[in-house]
């Protein structure tokens with residue numbers, strides 16, 4: 001099986017292997033920019049390996065009080081207990097973290113009131129950190145330790161809805177239609193071909209927050225605050241839309257060759 005490598009690490013990438021016109025991608029290994037791994041072209045028709053650009057931790061970066069203000073709109077995915085030592089949290093009650101959907105970017109409530117983000121999952125052991133503004137910063141160990149209660153709350157459905165909306169705004173399909181894999185430089189591409197997913201995290205997170213706060217009642221005491229926050233979120237979404245640029249690898253050769261702006265989608269004659 002031929003491998004077409006990513007442009008993420010040019011020093012480690014073999015010489016560029018451009019696809020031949022009309023070549024089927026079903027038996028070719030291509031780089032999925034979303035999950036950062038090699039997958040077969042056939043896998044791009046399934047979409048199961050692709051996720052969202054933003055995670056729960058990204059929502060809390062912009063709205064640290066989100067769980068307190070709109071926690072009723074979240075899903076409780078896990079409730080149990082564990083032992084915390086530094087940045088390692090060993091789950092010993094409540095079942096499997098992975099089976100509960102806990103992954104990198106998940107948010108946990110531990111102990112009496114600490115909120116941590118999940119950096120990694122290895123069996124029953126979670127690597128955690130207090131919330132950081134930049135995901136590249138060094139992990140910050142919670143002040144608490146020992147035996148702690150653990151809960152995982154997620155706004156996954158809202159983030160997924162924002163993700164689908166964002167993809168449509170840039171003219172990208174969630175899944176490539178089977179017949180499109182053999183097209184050279186097709187304008188109909190999947191999200192796996194977006195080479196800069198990190199540049200869309202902020203926009204997707206703000207779009208998800210707007211969906212969450214739009215579901216809160218405004219005709220009740222405190223509703224004016226919700227209305228003001230919605231207006232602010234709308235402004236921030238518009239600001240991000242103006243500056244966001246989407247780089248797309250249309251022929252899946254490991255290098256971006258198309259730039260799209262959010263909300264500006266090229267039209268072509270069928």
Exercise. How many residues are part of a helix (DSSP H, G or I) and either at pLDDT 90 or above or closer than 20 Å to residue 51 by Cβ (or both) when one looks only at the range 166-192?
Worked result: 6
Seminar exercise, completed: Among residues of the range 104-123 being assigned to a loop (DSSP other than H, G, I, E, B) and buried (at least 16 other Cβ atoms within 10 Å of the Cβ), the residue nearest to the chain's Cα centre (by Cα) is 105
Exercise. Looking at 97, 64, which is the one that is surrounded by fewer than 17 Cβ atoms within 10 Å (Cβ to Cβ), closer than 26 Å to residue 136 by Cβ and modelled with pLDDT under 95?
Worked result: 64
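Restricting attention to the range 135-149, and to residues there that are assigned to a loop (DSSP other than H, G, I, E, B) and modelled with pLDDT of 85 or more, which single residue is farthest from residue 198 (Cα to Cα)?
Within the range 135-149, the first condition is being assigned to a loop (DSSP other than H, G, I, E, B), and the residues that meet it are 135-145.
Still in the running and modelled with pLDDT of 85 or more: 137-143.
Details: 137: 15, 138: 19, 139: 20, 140: 22, 141: 25, 142: 27, 143: 30 Å.
Ranking the candidates gives 143 first.
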For this session: Could you check, for the range 124-131, whether at least one of its residues is within 17 Å of residue 77 (Cβ to Cβ), in a loop (DSSP other than H, G, I, E, B) and either touching a residue at least 60 places away in the same chain (Cβ under 8 Å) or in contact with a strand residue (DSSP E or B) (Cβ under 9 Å, 6 or more places away or on another chain) (or both)?
Result: yes
For this session: Sort out which residues of the range 58-95 are in contact (Cβ under 8 Å) with a residue 24 or more places away in the chain and in a helix (DSSP H, G or I), and write them in order of number.
Result: 58, 59, 60, 61, 62, 66, 67, 69, 70, 71, 73
For this session: Count, please, the residues in the range 242-252 that happen to be modelled with pLDDT under 85 and surrounded by fewer than 18 Cβ atoms within 10 Å (Cβ to Cβ).
Result: 1
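Every residue, every condition in (1) touching a helix residue (DSSP H, G or I) at 6+ places or on another chain (Cβ under 9 Å); (2) outside the structural domain of residue 51 (by TED's automatic domain parsing); (3) over 28 Å from residue 216 (Cα atoms), yes or no:
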| position | (1), (2), (3) |
| --- | --- |
| 105 | yes, yes, no |
| 114 | no, yes, no |
| 124 | no, yes, yes |
| 137 | no, yes, yes |
| 141 | no, yes, yes |
| 163 | yes, no, no |
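Let's see how each residue does on (1) at pLDDT below 85; (2) in contact with a helix residue (DSSP H, G or I) (Cβ under 9 Å, 6 or more places away or on another chain); (3) assigned by TED's automatic domain parsing to the domain that holds residue 62; (4) surrounded by fewer than 18 Cβ atoms within 10 Å (Cβ to Cβ):
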{"residue": "194", "(1), (2), (3), (4)": "no, yes, yes, no"}
{"residue": "206", "(1), (2), (3), (4)": "no, yes, yes, no"}
{"residue": "238", "(1), (2), (3), (4)": "no, no, yes, yes"}
{"residue": "260", "(1), (2), (3), (4)": "no, no, yes, no"}
{"residue": "263", "(1), (2), (3), (4)": "yes, yes, yes, yes"}
For this session: Answer yes or no as to whether residue 157 is surrounded by fewer than 18 Cβ atoms within 10 Å (Cβ to Cβ) and under 18 Å from the mean Cα position of the chain (by Cα).
Result: yes
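The values are calculated or read from the model by the stated rules, or taken from the named source; none is laboratory data. A quick note: this is a predicted structure, and the numbers were derived from the prediction, not measured. Here Cβ is always computed from backbone atoms with ideal geometry, including for glycine, and neighbour counts include all displayed protein chains.
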